[in-house]
Every structure is written in structure tokens, then in C-alpha cells.
Amino acid sequence: MTDHTVLRLNGLSKRFGTVLANDDVSLALHRGEVLALLGENGAGKTTLMNMLFGHYLPDAGTVQVAGPDGVLAPLPLGHPQAALAAGIGMVHQHFTLAENLNALDNITLGSEPLRALRRDRKSARQKIEGIIARSGLSAPLNVPVGRLSVGECQRVEILKALYRDARILVLDEPTAVLTPQEADTLFDNIKAMTRDGLSVIFISHKLREVLAFSDRIAVLRHGRKVGEMATADADEGAIARMMVGADTPKVAREAMAPGAPVLQLQGVTVPGRSPRDTLTDVTMTVHAHEILGIAGISGNGQSALARVISGLAVPQNGTIRVGEEQIARPGPATMVRAGVGRIPEDRHHEGIVGAMSVAENMVIERLDDPSVQARGLLRRGAIRAHAEALARAYDVRGPGVDARARLLSGGNIQKLILARVFEHAPRLILANQPTRGLDMGAAAEVGRRLLQARARGAGVVLISEDLDEVLSLADRILVIRDGQLVDTHSHDRERIGLMMAGEPA
Amino acid sequence: MIRIEARPSTPRAMTLGIPVLSALIALALAAIPLLAAGANPIAAYGEMLRGVFGSVFAVSEMLTRATPLIFTGLAAALAFRARLWNIGAEGQLYLGAMAAVAVGSGALDIPGLFLLPLIVVLGAAAGAAGMVVPTFLKVRFGADEVVTTLLLNFIILIFLQMMLEGPLQDPMGLGWPQSAPVLDQGMLPPLMDRMRVHAGLIVALVLAVLAQFMLARSVWGFRLRAVGENAAAARHAGIGVNRSLFGVAILSGGLAGLAGVSEVAGLKGYLTADLSPGFGYTGIVVAMLAGLSPAGVVIAALFIASVFVGADSMSRAMGVSSFLADLVVSMSLLCVLVGGFIARYRLVWVRAGKAAR
């Protein structure tokens, strides 16, 4: 590894209203290096990268990028085009691919002159195939991107950046959607590319992969850089302490004997247009005092399972039993009444009505309740008082219960939903990706509440793509694959990873 | 370089100020064609003001014109709040009007006391019926209600012409395509002697107040707002989204139907195929100007009615075309749309190629 600096951030600061998202952050990236940018959500990682890429204009600070000759030159800020021209490529968490186009077109899209009459697809293909050969990042080029797997889409995104001659690659939580094995392959590919001189910044929450694959680690907390070290000198506890400012709370999970069944699915089949919304002959039981973890790669039927338990999907075949009660006509309202608390996967899209107030969102599932309405009219005073009490109890912070819910941060939106769900002591809790995108503090709070509910006697279905989360919280782990459930009978990370990938363990 | 950033929230002054400012800008812009037509804009606007507020008669005319616009404006505002794009108020207005003359012109033997309530109820029901099929198609098959409700307008208009030359034609009408008049007991009473403003205005105002109250304070309004703002979250929370949509569709169609009832039984007394100069479509502008608030609909309807009535009298006095009214109305809509954009986003000036300090 050489010592040539290819990128230097000098004292970048960015303020949003009263929030200082980045405070005088300086970083250097060397040629051929993998720099991991670690920090809780809201620590300012994404803001920092967005300033680098020109999406935000910093309030203070400068950026220098090395040209092809290796000489550092100032980068004009606030211009994504300038960042692209300087050889900076960014792969966002959410892919920016046109699903109806194939990979080749997606990769070349935007880097062709607009006025060209004919597209030189042949030389484009040659160039891409060259990159694939060097990096090992393979993806089918002729298939519409909508039909590719998540891992393949991500490789297309990276190829897109490399096609534009990126010498610096920024990856925002690249492994969030991958199996452990896929993630390992990705990092192998990245290693191969860094040997050719590519420099990589990757943003992550996951300490394990950061320790395994980076050369250097920089930690952000509250917008400030609080630490930087060579990975070889780092240890997991030290980094975690740096990120949260204290030792990470270990999940304390005492052994508990499972009680009576609270949810029984018997031969449930949901037909769907794609594997992600299909369930085939699923049978499972969740008991009181039990957290049932559902592990799996994204898009293997998790959402269909969640929709059935939420009451949003009506199975074609099979029966649903909540407690003693057979659910004859499933529906969201029926499920709520049967005592099912639902934490939806997409909290912004399904969890809250962003344009309505925090208080209104807290009662939205119980509009028929006499504490909420009297003769069809809302009891606004009662709703407000109830919301203030809940906000205190569940530590929902924000501009107050009358403010629009969308003004809350992601973690506080999740706390709002937790408050709504846990307040009524549900006997079954469906938690679908409950900590996705949350910082460590908020994620720990979710885990604590789930364990509390378990201790109280609730059953929990925990659907998560974060295997570490499932391993730490669940009493029993099932793997979902192609719309079917397989019992793992184990808590072994390697074995479960293989089952997720569909290989015989 | 200018960049566009989303605002975290819209300042309250903006939600109120933008419609008012839009109206003023539209009037200011309309001065340009006035100048081009050789008129002194200040004198012209003076005429306009006099035409609207210069006499009791002028005010009565303006209120008469505002009445159907409040009904159709409410029809659009409520539907749009639920993201149900009812563009069919024009057709639903005629359905209401047809129902009004069908029962009101004495073809059925109904005791006089019940005639007016019956006309109102059946007129609203007829308008509501016009929304049933488009809403069913939307809910069941995902058919775009913009297309279905819009096209239904033309079908209803042709159906109207058929009825006016057939079953609904006035036997005493010398062959003109017009209906028999509504009986006196079936008419909405005038509010003032020798003025055209009628009790339809009171009905419209009461409904606007009621809609405003129900939207903010009732469980029904809560459901409606939730469905409109985020249908997925509403469905997840156990709100019957389709049921809410059907409810608001029927209400919206009913309000538009009442516009027809009010025009026939309040003003004209009989039905012709040119009863409405596009009240249904103008109602959409009213609703947008009002920011989809029922109370705002009343103000916006008064404004647009003033522009129309004032422009008429200005064009008589100054000899300029009364199309100016359409121009002002459409420009104020454009201004409101631009204003809505400004309320949601802010423009940030970025000096090209320069880093901030």
C-alpha cells in the first residue's frame, strides 16, 4: 500500500437549522486503501459523503482530490458533476437503477453525450467486460435490472461508478442487503480493485465486517470525528465505545420456558407475482414468552409473511390462529383487535401518516375506542393528553405531539410506533426489520422492549435481515427462503448463513 | 446556479399568504393584456370593483355566481383531500339538475311541502350516483379516476341533450331543448326582494362550515385525511381505505349534484344544456386556490365569482373582452401551483464553482 493521498477533507462543517451535522471533520484517504467510516445513525456519515459528492454545500471547509497525475487539487463543492469528473463514485444504500433497462444500459446511462445519434454499445460492452474481468464483479448485462437479485443490482451500481473511471468509491452501507457470504464476496472484489489503485470509503454499522475488511477506521459521533486508527490496532469494544460514547449494552436475555401458542399458521399459502410476496405452505407456531426469529435474504417472502400476520394479505389456503381464536376474515383491524401489535418494515411508508400529527398517529389504530372518540367526534383533548403521556413513557423526542410526524427522526418515529404497539400489551408482536436504519441507542431500545414483552408473556415474530440481531434476540430461528420456512435448530451463524443462501447445511 | 431543496415544514404564513398573493399577481399580470387592448388598467379594475361591490344588485350577482362554485369547490376539495381526483363535477352537476327537474316539474304528484326537500335529496343522490362507477373501477381495477370521471362528463352531457329532446322536454317549450319549469313550491326562495341571490347560498355556506368541522374534528375526517396523506399507512392501521374512498366519492358527487340543484331550483327554474358555464371545472380551481380547505373554498369561490362578475361589467363599460376573467382565473391557478411548489421547496442560490467559506 502506498502513501499517496488521493482525497483530503479539510475541516468540513454543515449545519441544518440548529443541528450541527458535521463539525470540522477532516479525513485523508490514501491510494489503494479501504477506509471504514463508522458511526451511529445521525452521526453525520452520510452528510459528510453527500458534501464530498456535491449533494450538499458545506458551511465551511474544503475538499482536495488527486488528479490522474496524483497532484491534489481543490474540488469545486456543491457540484455532483465536478465530483464525478474528479473520479469520485458513490453507491447509495437505495439503488438508483432503472428497472426496465438492462445492466449495460444502466451502466452507460448518463455518461453518454446527449446529442449523439448512435450509441456505441459495442465499445461500452468491451469496457464493462474489462472491468468485470479485473474486479470479479459479475452481473448479467442483458437482463432487465428488475429481474436481478439485490447483490447483482449492487454490483451493477459499483460497475456504473467504475465505468465512469472512479478512482475513489464511496459505498453507503453496502452489506445491509447481502447474506454474510455475499458480503464476503463483495469485500474480496473490493480488495482486488484496491490492488489496481482504487480507494474505497465504506460506511457501515457492522463492526465485524469493518474489522475484517478495512485498512483504517474513522469513527464519527455527533458530527465530530472522535477517532481514527489502523484496523490492525483496533478492537471491537474500543470502537463501539467510541461510537456510542459508552460500552454497548449487552443484550441480557434470560432463559424462559415457552408458554401456550399465541400464533399458529397452518399451511398458509399466499400467491404473489414475485418470490418476495409469495408464501408456500407455511406452518409455524409462536408461543408466549418466546421470540421467534425469521432470518433470510431480502426478498424471500419476508414481506408476504409480515403481510399475513399484519392482516394485509389474505391467504389463499391455510388457517391463522391468534391465541385460541381462529381468524376467519383477516384484516388489519381484525388483527389489532385480536391482540397483534405490528411494527411495519417501512416505518415511513406504512408506519405513520407523516402529514398528520404525532398525537393522531398514536391513536390511528384505535379510532373506534371510546377514549379516542365520542359519537363520531374526536376527543382532541384526551388524544393529546394520551399522546403526551406516551411520548414521555417511550421517550419520543421531537417538536411536540402536535407537530407533523414526519418531522421526527427515524429513531423517534420508531419509538412512536413502539408506543402505539406496546401500550396495549399485545399478546403477539410482529417486528419486521425493527432496527433497520436506527442508531445503536434506538436499536437497543427496540430490543429491550421486545424482551420486556416476552417476559410479560407475549410472543414475538422478529423478521430481520440483520443476522446478528436475530442471533442475539431470538429463542428459536427459522430461515425463510423462496417463500418457505425452514427450522434451523441452531444459533450457528455459519450454518444459518448457508441455509439462507439455499445450500444444504 | 439555483438549487431546489425540500423544506422540512411549510411556514404557516405561506399557507395563508400564497393564495392571496397568487390572486394579486394574477390581477397584476392581467394588466398587460388590458394595456394591450388599449384600456387603462387602473380604470378597468375600478370598473371591475364597482361591478362587484358597487351596488346591492352587484353584490347579489356576485353571490349568485359564487353559490355553485362553493358546491363544486367543496366537491373537489373533499375528494382531493382523499387523493380521489374527481374531475367529473361538471357531469355530476347536470345529473343533479336532471333529477331536480324530473321530480320538481310536476310530473310526479308530490305534496308541495315535501317537494323541495325531495329535490335536494334526489339531486344530491343523482350526483353521487355519478361517482359510483368511476370509484368502483378505481378500487377494483385501478382504473384512473381522472380519465373515467372526465370522460363521463361528456357522456352525461350527451345523455342530457337526449333527455332534453325526449322525456324531460317541456311540452309547452315550442320544441326548444329545455325542461319544464320547476314548480314554485320546489324552488329555493330568494334571499332578497327582486334580487337573484337565493337560499342555495345558505345551503352552500352551511355545508362548507360542516365540512370544515367534520374534516378536522370527526373520526370520518381523520380517516379521510389519513387515506389521502398515506393510504398504505391508513390501510396498515386498519382504516377501510376503499370504504373511505367510496364515502368521499359519494359526498363529492352529491355536492356537485347540489350545485346543479341550486342552479335549477334556485336560479334558472328550468334546465337547458348550457346551465353551467363550466362550474364543475372552475370548482377544481376554487379548491386548489383554497388549498383544499372547505373554509378556504368559500373565500376562493367569492374571489373567482368576483372576477367573473366584475370582468363582465368591466367589459361592458370599457369595451374590452370579458375573456379577461378566464385569464385571471387561470393565471391565479398557475400562481397557486407555483406557490405550492415554493411552499414545499426552497430555492437556494449557489455561486457556481465556489466553495462556501
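Name the pairs whose Cβ atoms lie under 6 Å apart, with the first residue in the range B:155-172 and assigned by TED's automatic domain parsing to the domain that holds residue B:133 and more than 14 Å from residue B:270 (Cα to Cα), the second of a type in the set (D, E, K, R) and modelled with pLDDT of 95 or more, and 6 or more positions between them or separate chains?
none
Have a look at A:375, A:406 and point out the one that is charged (D, E, K, R) and closer than 24 Å to residue A:310 by Cα.
Of A:375, A:406, the one residue that is charged (D, E, K, R) and closer than 24 Å to residue A:310 by Cα is A:406.
Among the residues in the range A:302-311, are any β-branched (Val, Ile, Thr), surrounded by fewer than 22 Cβ atoms within 10 Å (Cβ to Cβ), at pLDDT 90 or above and within 19 Å of residue A:478 (Cβ to Cβ)? Give the derivation first.
Narrowing the range A:302-311 to residues β-branched (Val, Ile, Thr): A:308-309.
Narrowing further to those that are surrounded by fewer than 22 Cβ atoms within 10 Å (Cβ to Cβ): none.
Within the range A:302-311, not a single residue is β-branched (Val, Ile, Thr), surrounded by fewer than 22 Cβ atoms within 10 Å (Cβ to Cβ), at pLDDT 90 or above and within 19 Å of residue A:478 (Cβ to Cβ).
Taking residue A:215, is it buried (at least 16 other Cβ atoms within 10 Å of the Cβ), of a type in the set (Asp, Glu) and either at pLDDT below 90 or out of contact with any helix residue (DSSP H, G or I) (no Cβ under 9 Å at 6 or more places or on another chain) (or both)?
Working: buried (at least 16 other Cβ atoms within 10 Å of the Cβ): yes; of a type in the set (Asp, Glu): yes; either at pLDDT below 90 or out of contact with any helix residue (DSSP H, G or I) (no Cβ under 9 Å at 6 or more places or on another chain) (or both): no.
Judged against the criteria, residue A:215 is not a match.
I'd like the residue in the range A:365-380 that is more than 19 Å from residue B:213 (Cα to Cα) and surrounded by 15 or more Cβ atoms within 10 Å (Cβ to Cβ) and, out of all such residues, is nearest to the other protein chains (Cβ to nearest Cβ).
Looking at residues that are more than 19 Å from residue B:213 (Cα to Cα) and surrounded by 15 or more Cβ atoms within 10 Å (Cβ to Cβ), I get A:365.
Of these, A:173, A:157, A:182, which one is in contact with a strand residue (DSSP E or B) (Cβ under 7 Å, 6 or more places away or on another chain), modelled with pLDDT under 85 and among the acidic types (Asp, Glu)? First the steps, then the outcome.
Numbers: A:157 fails: modelled with pLDDT under 85; A:182 fails: in contact with a strand residue (DSSP E or B) (Cβ under 7 Å, 6 or more places away or on another chain).
Of the residues listed, the single one that is in contact with a strand residue (DSSP E or B) (Cβ under 7 Å, 6 or more places away or on another chain), modelled with pLDDT under 85 and among the acidic types (Asp, Glu) is A:173.
Counting only residues that are surrounded by fewer than 22 Cβ atoms within 10 Å (Cβ to Cβ), more than 14 Å from chain A (Cβ to nearest Cβ) and small (Gly, Ala, Ser), how many does the range B:277-292 have?
Of the residues in that region, 1 qualify.
Can you give me the number of residues within the range B:285-296 that are among the hydrophobic types (A, V, I, L, M, F, W, C), in a helix (DSSP H, G or I) and either within 16 Å of residue B:228 (Cβ to Cβ) or over 8 Å from the mean Cα position of the chain (by Cα) (or both)?
Residues flagged as among the hydrophobic types (A, V, I, L, M, F, W, C), in a helix (DSSP H, G or I) and either within 16 Å of residue B:228 (Cβ to Cβ) or over 8 Å from the mean Cα position of the chain (by Cα) (or both) within the range B:285-296 amount to 4.
Quick grid of which residues meet (1) farther than 30 Å from residue B:226 by Cβ; (2) at pLDDT 95 or above:
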| site | (1), (2) |
| --- | --- |
| A:404 | no, no |
| A:414 | no, no |
| A:445 | no, no |
| A:461 | no, yes |
| A:465 | no, no |
| A:473 | yes, no |
| A:488 | yes, no |
| A:494 | yes, no |
| A:505 | yes, no |
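Assess whether residue B:185 counts as being loosely packed, with under 15 Cβ neighbours inside 10 Å, assigned to a helix (DSSP H, G or I), touching a Pro at 6+ places or on another chain (Cβ under 9 Å) and polar (S, T, N, Q).
So residue B:185 does not fit the description; no.
Check A:397, A:384 and return the single one that is crowded, with 17+ Cβ neighbours inside 10 Å, more than 11 Å from chain B (Cβ to nearest Cβ) and either touching a Phe, Trp or Tyr at 6+ places or on another chain (Cβ under 8 Å) or charged (D, E, K, R) (or both). Outline the logic, then answer.
Working: A:397 fails: crowded, with 17+ Cβ neighbours inside 10 Å.
Every option except A:384 fails the conditions.
Does residue B:204 meet the test of being within 7 Å of chain A (Cβ to nearest Cβ) and either buried (at least 23 other Cβ atoms within 10 Å of the Cβ) or acidic (Asp, Glu) (or both)?
In short, no.
From the set of residues in the range A:76-106 that are under 30 Å from residue A:12 (Cβ atoms) and touching a helix residue (DSSP H, G or I) at 6+ places or on another chain (Cβ under 6 Å), which is modelled with the lowest pLDDT?
Among those that are under 30 Å from residue A:12 (Cβ atoms) and touching a helix residue (DSSP H, G or I) at 6+ places or on another chain (Cβ under 6 Å), it is A:95.
Out of everything in the range B:229-275 that is among the β-branched types (Val, Ile, Thr) and within 14 Å of chain A (Cβ to nearest Cβ), what residue ends up being surrounded by the most Cβ atoms within 10 Å (Cβ to Cβ)?
Per the stated criteria, the residue is B:239.
Of everything in the range B:207-228, what is at the interface with another protein chain (Cβ under 7 Å from one of its Cβ atoms) and among the aromatic types (Phe, Trp, Tyr)? Give them in sequence order.
Passing the criteria: B:220, B:222.
Show me the helices (runs of 4 or more DSSP H) found entirely inside the range B:1-119 where at least 2 residues are in contact with a Lys or Arg (Cβ under 6 Å, 6 or more places away or on another chain) and loosely packed, with under 15 Cβ neighbours inside 10 Å.
Details: elements: B:12-36, B:41-53, B:56-81, B:89-104.
Output list is empty.
Could you list, in sequence order, the residues of the range A:312-346 that are surrounded by 16 or more Cβ atoms within 10 Å (Cβ to Cβ) and assigned to a strand (DSSP E or B)?
Start the filter on the range A:312-346 by keeping residues that are surrounded by 16 or more Cβ atoms within 10 Å (Cβ to Cβ), which leaves A:312-313, A:315, A:318, A:320-323, A:327, A:330-345.
Across the range A:312-346, the qualifying residues are A:318, A:320, A:321, A:322, A:340, A:341, A:342, A:343.
The values are calculated or read from the model by the stated rules, or taken from the named source; none is laboratory data. Computed from a predicted structure; not experimentally measured. Here the Cβ is made from the backbone with ideal geometry for all residues, glycine too, and neighbour counts use every protein chain on show.
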